[in-house]
Protein chains: 2
Amino acid sequence: MTISPSDAVIGFIGTGVMGRPMAGHLLAAGYKLHVFNRTKAKAQPLIDSGATWHDSPASLAPACDIIITIVGFPDDVEQVYLAPAGLVANAKAGAILIDMTTSRPDTAQKIYSEAKSRGVSALDAPVSGGDTGARNAALSIMVGGDKDAFDKALPLFQLMGKNIVYQGPAGCGQHTKLVNQVALAGNMLGVCEALAYAKGAGLDPRTVLQSISAGAAGSWSLSNLAPRMLAGDFAPGFYVKHFLKDLRIAAEAAEKMGLDAPGLELARTLYEKLSALGFENDGTQALYRLYGR
Amino acid sequence: MTISPSDAVIGFIGTGVMGRPMAGHLLAAGYKLHVFNRTKAKAQPLIDSGATWHDSPASLAPACDIIITIVGFPDDVEQVYLAPAGLVANAKAGAILIDMTTSRPDTAQKIYSEAKSRGVSALDAPVSGGDTGARNAALSIMVGGDKDAFDKALPLFQLMGKNIVYQGPAGCGQHTKLVNQVALAGNMLGVCEALAYAKGAGLDPRTVLQSISAGAAGSWSLSNLAPRMLAGDFAPGFYVKHFLKDLRIAAEAAEKMGLDAPGLELARTLYEKLSALGFENDGTQALYRLYGR
């Protein structure tokens, strides 16, 4: 079976800043779309464009062949999938459930097992690229689960993303996203401390960036977040509270695998501090606040 | 005065893996070149191409209008510049001395003052881009010192580099290079721990890199050094011993300016450990050895 607009009904749960444009691409491609969101108003533009509204996951599930979710936190994922009124208990046999939330690898594995015991497939497929990537259908999508379910869902992924990679069995999508966050965490330390050093040395940090951004110290964060730090622009592209959630999951997973990751641990501690200071709704670049003088 | 091959004699001290190709570009542009190096054999290709050999900085200095140095460590810089038989004591009045070694900002300031008291100009102009950048005349050159000396020397910089930025008074070139190293240090933590996490989670790290290299976690190090780490290729592009030297200077400078930089401190500690284990002549990517399992 190849998934196509004429033979597959798609469910979409979580129509926030990421989910709404992602669901919009599926609708624009001609798919019949059923939607649920905790706050209905955020789904209204999709409903206005032809999506069918449901009041609960339990109501949505039986109507759909493939169901995509992108919600906030692992607890939300557990609730949507594993509660008695959740997706796993109410999905059609043969359905494919795809969680695109950045969440816990062990939760993804649990959903996979519970789903499988009911004849339902589950993929974990977190993304990177932010709201811009979602709007431009340019996300990086990292997928774990059964390869044949991945192959079936691929046409949908291709409507939402550009860099779509199958990473292995259930949980591997989530683990891959956490690898991304671990790399980013160390880099954020470097970017913040580099700028703080530049200021402390009496340099003009913007002129310094001209010298170093294109070289061996270059990174996405140095090019994109350092200028915002210097401008005092801490508006969220990616929330501190979400990044901290990811760092906690990664730190816990690292500990379980016996990996000593002092850079990750340092970054997690600093983001805990930033959050405790009341900046959890800032963007991740607000880490620079801790180095302010 | 504009510096040109017909009216300026150039001295070059330090004709190693970086200095030799840099000096070669000046020679190829038609400049009269005088050279000195601790190991004469490394200067031989330049001598064969027409450069004039000297047995000491004291002998070279009086013959030159502009003298460029790129040596190993701050102690070498002190010796070459400030010893009685060094450049400052023996340079012609009106000469410009340009140190392109990555060295101490306070040493650069001291050289600047001593030189100025004798009517000689001094610039600190460390580079990034490695031996490839040196060979391709594509270095990033970060310059501190008097602006008019920078303007005079610019035609020479343009023969060796592409991204040439005046950063401010004496020492600012060195401080800018240290900013680069601070950013890089944090990033190296992130890259190493990300790969170690990926392995620990049972992922294929190369497949993971396909998902994350072009996104928000992307960096020069992730693209260029992570594959070498995974291949166990620790051959030096940039030596651990040189990076550690830079991190020590940066950590000391940060402390002097009252800057708490825990990421830099962590990276320095880990590179100290790596060096103590006998890997000081590896490339910086050998930090990954500490995360091996």
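Please treat every number below as a calculation from the coordinates, not as lab data. Every value quoted in this text rests on a predicted model; they were computed, and no experiment measured them. No Cβ is skipped: glycine too gets one built from the backbone with ideal geometry, and neighbour counts run over all protein chains shown.
Values as computed for the structure displayed
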read-out	value
Amide hydrogen neighbours beyond the local backbone of A:Thr52, cut-off 5 Å, H modeled	A:Leu33, A:His34, A:Val35
Selection from A:His54, A:Ala134, A:Asn163, by position along the positive dipole direction of chain A (Cβ)	A:Ala134
Acute angle (nearest 10 degrees) that the helix B:105-116 long axis makes with the longest principal axis of chain B, alpha-carbon atoms	10 degrees
GNM result for chain A, Cα springs below 10 Å: residue of A:Pro74, A:Pro45, A:Pro105 fluctuating most strongly	A:Pro45
Estimated distance in nm for a label pair at B:Ala83 and A:Leu159, the labels positioned 7 Å out from Cα along Cα-to-Cβ	7.4 nm
Nitroxide proxy distance, nm - points 7 Å out along Cα→Cβ at A:Val17 and B:Glu272	4.1 nm
Residue-wise HN-Hα coupling along the range A:148-154, computed from phi with Karplus coefficients 6.51, -1.76, 1.60 (Hz; x: Gly, Pro)	5, 5, 4, 4, 5, 7, 3
Around A:Ala253: net Lys/Arg minus Asp/Glu count, Cβ-Cβ under 14 Å	-1
The range A:9-170 - share of DSSP beta bridges that are antiparallel (%, nearest 5)	10 percent
For chain B, built as a Gaussian network whose Cα springs stay under 10 Å, the top-fluctuating residue of B:Val88, B:Val208, B:Val35	B:Val208
Dipole of the protein assembly as shown, positive direction: furthest Cα of B:Gly72, A:Gly24, A:Leu82, with charges on the beta-carbon	A:Gly24
Approximate spin-label separation A:Arg118-B:Lys256, in nm, with each point projected 7 Å along Cα-to-Cβ	6.6 nm
Helical contribution to [θ] at 222 nm, DSSP H n ≥ 4, -39,500 (n - 2.57), averaged over chain A, rounded to 500	-14000 deg cm²/dmol
Cut-off 12 Å between beta-carbons: net charge of the residues surrounding B:Lys152, Lys and Arg +1, Asp and Glu -1	-4
Charge dipole magnitude, Cβ of K and R +1, D and E -1 - the protein assembly as shown, Cα centre, debye nearest 20	380 debye
Positive-pole candidate from A:Gly232, A:Ser211, A:Ala183, dipole of the range A:175-291, charges at beta carbon	A:Gly232
Karplus (6.51, -1.76, 1.60) ³J(HN,Hα), θ = phi - 60°, over the range A:245-251, in Hz, Gly and Pro reported as x	4, 5, 5, 5, 4, 5, 5
Proximal aspartates and glutamates to A:Lys256, defined as alpha-carbon separation beneath 13 angstrom and excluding residues fewer than eight positions away on the same chain	A:Asp106
GNM top mover of B:Ser223, B:Ser121, B:Ser59 - chain B, alpha-carbon springs below 10 Å	B:Ser223
Hydrodynamic radius by Kirkwood, which averages 1/r over all alpha carbon pairs of the range A:146-216, in angstrom	15.6 Å
Charged-residue dipole, Cβ positions (Lys, Arg, Asp, Glu), chain A about Cα centre, Debye nearest 20	420 debye
Under 13 Å, Cβ to Cβ, from A:Lys32 - net charge with Lys/Arg +1 and Asp/Glu -1	-2
3J(HN,Hα) from dihedral phi, the range B:209-222, Karplus parametrisation 6.51/-1.76/1.60, rounded to Hz, x for glycine, proline	4, 4, 7, 10, 5, 9, x, 5, 8, x, 6, 4, 5, 5
Axis-nearest residue in chain B [Cβ, rotation onto A], distance in whole Å	B:Ser219, 2
Spin-label proximity, A:Thr39 to the range A:213-252 - amide N less than 19 Å from point 7 Å beyond Cα toward beta carbon	A:235-243
The range B:184-234: Cα Rg divided by the 2.2 N^0.38 Å rule of thumb	1.02
Relative contact order %, chain A, counting alpha carbon pairs below 8 Å whose residues are six or more apart	13 percent
Proportion of all alpha-carbon pairs of the range B:175-291 beyond 24 Å (%)	26 percent
Check: the range B:56-185 dipole with +1 on Lys, Arg Cβ and -1 on Asp, Glu Cβ, in debye	200 debye
Theoretical gain in end-to-end length, A:Arg228 to A:Asp131 [0.36 nm per residue, Cα-Cα removed]	33.2 nm
For the protein assembly as shown, fraction of C-alpha pairs farther apart than 47 Å, in %	26 percent
Residues of the range B:190-204 with amide N under 16 Å of a point placed 7 Å along Cα→Cβ from A:Asp106	B:201-202
Antiparallel content of DSSP bridges confined to chain A, in %, to 5	15 percent
Of all DSSP beta bridges in the protein assembly as shown, antiparallel share, percent nearest 5	15 percent
Cα pair distances of chain A binned at 5 Å [whole percent]	1, 6, 12, 15, 17, 15, 12, 9, 7, 4, 2, 1, 0, 0
Within straight-line cross-link reach of A:Lys40, lysines at Cα separation under 30 Å, skipping those fewer than 8 residues along the same chain	A:Lys32, A:Lys92, A:Lys110, A:Lys152, A:Lys162, A:Lys177, A:Lys241, A:Lys245
More than 25 angstrom apart: percent of Cα pairs within the range B:9-170	19 percent
For the range B:175-291: relative contact order, % (alpha-carbon pairs under 8 angstrom, 6 or more apart)	37 percent
